[in-house]
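Remarks on the structure that follows.
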Number of protein chains: 2
Amino acid sequence: MTTIRDVAREAGVSIATVSRALRDPAIVKPDTRAKVLETAERLQFRPSHLGRQLAERRHAAAGVVFPDLSGPYYADVVMGYESVAAEVGRSVLISSTRGRADVEKQVTDMAGRCDGLVILGPAVPEPLVQHLKATGTHLVLVARPADAGIDSVSTAATSSATALVRHLLDDGARTFVFVGDPAAGPDVADRHAAVSQALAASGEQTRMSILPVDDLDETNGRRAADALLHDTTGTRTPHCDPSSTLPDAVVCANDELALGLLARLTEAGQEHRVRVTGWDDVMAARWAGLTTVRQPMRELGATAARLLEEQLDGTRTAPRHELLDTELVVRTSSTLLGKEPA
Amino acid sequence: MTTIRDVAREAGVSIATVSRALRDPAIVKPDTRAKVLETAERLQFRPSHLGRQLAERRHAAAGVVFPDLSGPYYADVVMGYESVAAEVGRSVLISSTRGRADVEKQVTDMAGRCDGLVILGPAVPEPLVQHLKATGTHLVLVARPADAGIDSVSTAATSSATALVRHLLDDGARTFVFVGDPAAGPDVADRHAAVSQALAASGEQTRMSILPVDDLDETNGRRAADALLHDTTGTRTPHCDPSSTLPDAVVCANDELALGLLARLTEAGQEHRVRVTGWDDVMAARWAGLTTVRQPMRELGATAARLLEEQLDGTRTAPRHELLDTELVVRTSSTLLGKEPA
DNA sequence: CTGAAAGCGCTTACAG
DNA sequence: CTGAAAGCGCTTACAG
């Protein structure tokens, strides 16, 4: 490998001059500079990042930690992050924590290779976040409950929940079931709260019960459908008023749940009797005609990148908390109009 | 930051001893070692990766270059890669090339931060791959035409194409249209060739024409549907025998194409008249009931990681080319049985 | 404008 | 088994 010494010797200058000519052209005499550049070019000199980084005591890299990249959500956030990071010349390290036993080691190790860390959602347990904060790691939290002292970017459920509720009310819905356990995590709690409040604020006479599920996957969506269907046939399940029948609308905590539920309802020939909505807008939602709430995923990543840059270049020291808006996407699953009557 | 010197001073030994105690316990006297470890622990010493890497002249990192992470394909490959890399303690850098003007700079820069590079699909133009090879960069090519001198992992279309053709023939199909331009890229060419050969080898009297499209997206899938439908109403399009009607089966070069085509056919009320298949098995394929060919995406990534490790630790010098098998996933789109007759 | 030198934080022959 | 020293490849005060 050719090093800065080779270039210096060949060009007949000191390594300091080579370094300067390459980094800050202004402080070197034009002829000297030309000579150095020519030599560097001829020898195909590529400065070692390692040497430079050690001298500068910075990595010019940031790490992104996420649970998983399956499913479009985090993948898109990472893309948004990477595109901004690339612009400012910062490399991106990634690390997935799902199913890993040694998350602590994994993340602290990564912290040692980066100038800062971006944490997506529940990728890292809270105590570890606090530890990183305490040890002075530059952090940005994405789509995760904010800590007053740490930069964060999240999405706001409020406006979409209001739009969603308005839409369902307009279609005639008055009784609602929320599928998902608000106690299971901040995301679900947030969505549930937003929908509840939107209902309360609507001024309409409505009612919403909760059908808790543990994992937000298709299987549980199907189970939820079964639970709802049984209610109408007299089998009581605890989550609902015993006198209930199928609700007018089922608001699911995420799309997978909604897709499973929709599939089961369709199999049972009951899909025309209930409005169904999801949350996230995964790709399959489009094909299933699922009304849902879209998160600005790439923008989440891009914003995180900008926040981290501001921290690292010292532009800003006070923590900032960005709140991005979500968007209601109306498709066919949320309306009874035009469907076969019950 | 606490460095190796702090630990050495505090423990009353030399930095060499600290280094040894931490890396190779065996060559240090037990008491000394215990003292060092205790001190390191107490001072919360984390060895600087930068210092270590410069001394060892290795990055303990690999770079993965891909076109994009939208869509599940490359995201899953990256996940497969990352999980193996994490096991062997190698960090993963990522870089997306889609829409980037300075791919060469971007990739060579990344090469300078890594011990090796994994290139997914068409992320990097061939001349650049050759340049990297020439400059001695450790490389693994994934899902991309192989170079005899470079490690590679790809999937084989043959067995799935055979299964796909067998399946369609069994359902009664004899006339086929392949949607996609084999001249547009190696993937499509490969798939087309595999299907053609499977048809030829079937011993049946069949015919397959090509309906070329440039981008493999939904919009073009819809257009392809329109082209096929027009053929049946007398409007001639150049790709088909003038006497043709709707073919028995439409084999699409990827799922997006197939999904768009399927959607358009459904709108036109003609979905029961033709069998449709895709390729890739994206998530939406499941919801659309699309028969398709699944690639072992995570396994592609994991295999790439193993190949790169073998290169880097010198276990193996001769290039290896892995070929993973694909799998036919039969759903409803590929059969006319049970559908409304024409 | 340029060079000699110190330093970034480690590892590892080389002596002892 | 341990230490002093050289070295990994850069950057950047400090002199001149």
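Taking the chain by itself as reference, the stretch A:104-134 contains these residues with an accessible-area loss of 50 Å² or more in the full protein complex (1.4 Å probe, heavy atoms): A:113.
Near residue A:35, within a Cβ-to-Cβ distance under 12 Å, what is the net charge of the other residues, with Lys and Arg +1 and Asp and Glu -1?
-1
Inter-copy label distances at residue B:172, shortest first and taken from points set 7 Å along Cα to Cβ: 4.0 nm. For the chain pair B and A, the buried solvent-accessible surface (1.4 Å probe, both sides summed) amounts to about 3600 Å².
Bridges between two residues of chain B, per DSSP, are antiparallel at a rate of about 10%.
Under unit Cβ charges (Lys, Arg +1; Asp, Glu -1), what dipole magnitude, rounded to 20 debye, does chain A have relative to its Cα centre? With only Lys, Arg, Asp and Glu charged at Cβ, the dipole is about 1200 debye. For the stretch B:111-213, a crude dipole built from +1 on the beta carbon of Lys and Arg and -1 on the beta carbon of Asp and Glu, taken about the Cα centre, is about 60 debye to the nearest 20. Shape of the protein assembly as shown from the C-alpha gyration tensor: oblate (a/c of 1.5 or more and a/b not above b/c, with a ≥ b ≥ c the square roots of its eigenvalues).
Distances between placed amide hydrogens fall under 5 Å for residue B:155 paired with B:143, B:324, all partners being 5 or more residues away or on another chain. The residues of the stretch B:1-159 present an accessible area of 45 Å² per residue when probed at 1.4 Å with all protein chains retained.
Taking the Cα centre of the protein assembly as shown as reference, the dipole from Cβ charges on Lys and Arg (+1) and Asp and Glu (-1) amounts to some 2100 debye. Put simply, when B:284-291, A:59-66 are sorted by average Cβ atoms within 10 angstrom per residue, most first, you get A:59-66, B:284-291.
Residues whose amide H lies under 5 Å from that of residue A:254, counting only those 5 or more places away or on a different chain, are A:279; hydrogens are built 1.01 Å from N in the peptide plane. Dipole orientation for the stretch A:26-128: of the candidates A:96, A:86, A:27, A:27 has the Cα lying most toward the positive pole (charges on Cβ; Lys, Arg +1; Asp, Glu -1).
At 7 angstrom along the Cα-to-beta-carbon line, where would the label on residue A:98 sit relative to the other copies? Give the distances in nm, shortest first. Those separations, rounded to one decimal, come out as 1.9 nm. Shielding by partners for peptide B:17-23, expressed as the average number of C-beta atoms from other protein chains within 10 Å of each residue's C-beta, is 0.
Apply 1/(1 + (r/R0)^6) to the Cβ-Cβ distance of residue B:56 and residue A:197, taking R0 = 60 Å, and write down the FRET efficiency to the nearest 0.05. Result of the calculation: an efficiency of 0.60. Secondary structure note: in the protein assembly as shown, about 10% of the DSSP beta bridges are antiparallel.
Here residue A:226 yields copy-to-copy label distances, from shortest upward, of 4.5 nm, the label point defined as 7 Å from Cα along Cα to C-beta. Along each principal axis, taking the top coordinate minus the bottom one, the Cα set of chain A gives 92, 40, 35 Å in descending order.
Only protein atoms count toward the accessible area here, which uses a 1.4 Å probe; on the stretch B:1-137, the carbon and sulfur part of that area reaches 52 percent. Which entries in the list A:29/B:133; A:133/B:35; A:105/A:133 go over 26 Å, if you measure between the two C-alpha atoms of each? A:29/B:133; A:133/B:35, as the Cα separations exceed 26 Å there.
First check a/c for the stretch A:52-98, with a ≥ b ≥ c the square roots of the eigenvalues of its C-alpha gyration tensor; if it is under 1.5, answer rounded, and if not, answer prolate when a/b is larger than b/c or oblate otherwise.
Working: a/c = 5.43, a/b = 1.88, b/c = 2.90.
The shape class here is oblate.
Specify whether the C-alpha gyration tensor of the stretch B:261-315 places it in the rounded, prolate or oblate class, a ≥ b ≥ c being the square roots of the eigenvalues: rounded for a/c under 1.5, otherwise prolate if a/b is larger than b/c and oblate if not. Taking the square roots of the gyration eigenvalues as a ≥ b ≥ c, the stretch B:261-315 is prolate.
Per residue of peptide A:77-89, the mean number of Cβ atoms on other chains within 10 Å of the residue Cβ is 3.
The values are calculated or read from the model by the stated rules, or taken from the named source; none is laboratory data. This one's a predicted model, so the numbers in the text were calculated from it and none came from an experiment. Cβ sites come from the backbone with ideal geometry, for glycine too, and all protein chains shown count toward neighbours. When the accessible area is computed, the model is the full protein with side chains, heavy atoms only, and any ligands, DNA or RNA have been set aside. Shrake-Rupley method; radii C 1.70, N 1.55, O 1.52, S 1.80 Å.
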